[in-house]
Every structure is written in C-alpha cells, then in structure tokens.
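To keep things clear, I will list the structure first and then write my remarks on it.
The values are calculated or read from the model by the stated rules, or taken from the named source; none is laboratory data. Predicted model, so just to flag it, every value in this text is computed and none were measured. When we count neighbours, we look across all protein chains shown, and the Cβ atoms used for this are built from the backbone with ideal geometry, even at glycine.
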Amino acid sequence: MKTFTNNYLLFLFFIFFSFNLLAQDFQGKAYYYSKSTMELGRWGARLSEAQKKQVAARLKNRLEKTYVLTFDKAASTFKEDEKLDVDVLSGATDTWGKNFSPGEQYKNIKTNELVQKQEFYGKNFLVKDKLQSIEWKMGAETKQIGGYTCYKATANIPTADLTWYDFSWSELRAANNKENSEEVNMTEVTAWYTLNIPVSSGPSEYWGLPGLILEVNVGKTTMLCFKVVMNPEEKSTIKAATKGKVVTKKEYKEIITGKMQEMRNNRGRQRPGRTGR
C-alpha cells in the first residue's frame, strides 16, 4: 500500500511538473477582423447615396482591418496583418490614416506595462504607459464564437483613454470650447471572453477578464476573432519594441494635437489676405 501511495504521489508530481513546463512554453495566436462604420457628419449629409458609396470604397482599407494577437500567460503583442494599404480606386496609400492608426502593441499583465510603436509624419515614438484600467461588469449572457462558449462583460472607459493615438478636427474644436470643463466623456465597451482559453488578454487595449477576449464592441467599431491557433509549431518572440522617442499616452496625444494645430495655423497664414475696398 505504501509503495502504491508513493508511486501515485510520484505520478502526480510528474504530471504537475510537466504541466508547469508546458505552461512556460505555452503560446497562442488569435486573428481578429476589425470593422468600423463610416461617420461623415454634416459634410456627408450633402452627399448622394452614390457619392457615399464611393467614399466608403475609398476608406475601405481604413475601416476594415485584420489583426493578430500573439499571447502567452503574461504577455502579448497585437499588430495589424502586414498588407499593402492602397486605395482600391486611385492606387494611393492612405497616408493620413496611417498617422492616426494604432501601431504594434505590447502588453504585460505581470508588470502592468503597455508599450506601443507609433509613427507620426515620419517620426517614430515609443509610447510607454500602464495598462488601461478597466472595471468590468460580468454578465451571465453567453454566445458561441468559433466553437468557443463566450461570456459577456461590459465597462465604461473614458473616451480619451481609447483614442489617444487618434485625432479629429471636431475633437480639437470641442477641446478649445471646453478648456475649463471637467466633463469626462465615457465610451461603453462590450466584450465577449472564453474560459476555454484562460489568459487575461485581448485585442488592442482590452484585457483583465478570466479568459481570452474574442469579440469587442466599442463605439462604431467591432473586433471579432475568426481564428485561434493554440501552441503553433513556429513560436513567435513576444517582446516590446525598443526604438523611438519614449513618451506617455498623454504626452503623445499632446504632441499630435499640437502639431495638427500648428499645421492648420500655418495653412491659414499662407492664404492670400483679403483687401477691403
């Protein structure tokens, strides 16, 4: 009996040791399709339906993207699938869109660290900050995504914390009109995560749930996972980028906003003045 007990304990130790060894090398890849709806504002109200379709076709590469999340138990990288970003109608590269698109991102839940590469008009930045703080509300609602049972979670996050790499003229006007306002605009986020893949990671800024996030709905954008590869034969190196001017998210937002304001002011000064008669 004693021999059986010792052998059983040895067997359990072997299983536990093997599991830990595998966990150290554990890695997965999740592929996401991101789609945003087009918002044309007052300018779009003056367009015909045919013109709106033409604009949508021109912006397709900006509004529809594919990303890959490479993850292990603690860290992940999230980046756009490499492809030629060319306007399908004119053949022009979407330079404006690239300046305000999220770059390759590294998250580490153990060190509470976010590192993201950003390029703005030819200058390289390395945005280093803490992970986005998210207070998730867990729900009981479920649905199937790619064969995985997913649970719903929701959160309200300050809009500025989700758009720090982006810019819009309307946002600049609103900031100028509310310089002394303490109002904080919030964005509702809905996430669907699966306990079948127990890692606290997800696409973009989203993390902190007890399973991999397979779908995120935020504003006019939906990111949906369409393929998961567990323990791929060819492992990837999960590490943060190292080249670029180091700034925080807040500092980066101030840099691009200031530059765009400067560009608008310069453009205004270059216009020929009016002479009164």
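Evaluate region 212-230: report whether one residue or more is within 18 Å of ASN112 (Cα to Cα) and touching a residue at least 40 places away in the same chain (Cβ under 8 Å).
Yes, because at least one residue in region 212-230 is within 18 Å of ASN112 (Cα to Cα) and touching a residue at least 40 places away in the same chain (Cβ under 8 Å).
For region 193-237, which positions are on the phi > 0 side of the Ramachandran plot and among the hydroxyl-bearing types (Ser, Thr, Tyr)?
SER204
Among all residue pairs at least 6 apart or on different chains, which show Cβ distances below 6 Å where the first residue, located in region 237-251, is surrounded by fewer than 15 Cβ atoms within 10 Å (Cβ to Cβ) and the second is in a strand (DSSP E or B) and of a type outside the set (A, V, I, L, M, F, W, C)?
VAL246/LYS128; THR248/ASP129
May I ask you to verify whether ALA74 is over 27 Å from ILE256 (Cβ atoms), modelled with pLDDT of 95 or more and surrounded by fewer than 16 Cβ atoms within 10 Å (Cβ to Cβ)?
Yes; evaluated as a whole, the condition is true for this residue.
Checking the structure you have, find out if any residue of region 220-229 is touching a strand residue (DSSP E or B) at 6+ places or on another chain (Cβ under 8 Å), modelled with pLDDT under 95 and surrounded by 11 or more Cβ atoms within 10 Å (Cβ to Cβ).
Applying the first criterion (touching a strand residue (DSSP E or B) at 6+ places or on another chain (Cβ under 8 Å)) to region 220-229 yields 220-229.
Now narrow it down to the ones that are modelled with pLDDT under 95: 220-221.
This time we only want the ones that are surrounded by 11 or more Cβ atoms within 10 Å (Cβ to Cβ), so: 220-221.
The answer is yes, given that some residue of region 220-229 is touching a strand residue (DSSP E or B) at 6+ places or on another chain (Cβ under 8 Å), modelled with pLDDT under 95 and surrounded by 11 or more Cβ atoms within 10 Å (Cβ to Cβ).
With respect to GLU254, is the statement that it is over 17 Å from the mean Cα position of the chain (by Cα), among the acidic types (Asp, Glu) and not in a strand (DSSP E or B) true?
yes
If LYS143 passes every condition in (1) surrounded by 15 or more Cβ atoms within 10 Å (Cβ to Cβ); (2) modelled with pLDDT of 95 or more; (3) within 28 Å of VAL228 (Cβ to Cβ); (4) in contact with a Ser or Thr (Cβ under 9 Å, 6 or more places away or on another chain) but one, which one does it miss?
(1)
Restricting attention to region 220-231, does a residue exist that is over 21 Å from MET138 (Cα atoms) and of a type in the set (D, E, K, R)?
Checked region 220-231: at least one residue is over 21 Å from MET138 (Cα atoms) and of a type in the set (D, E, K, R).
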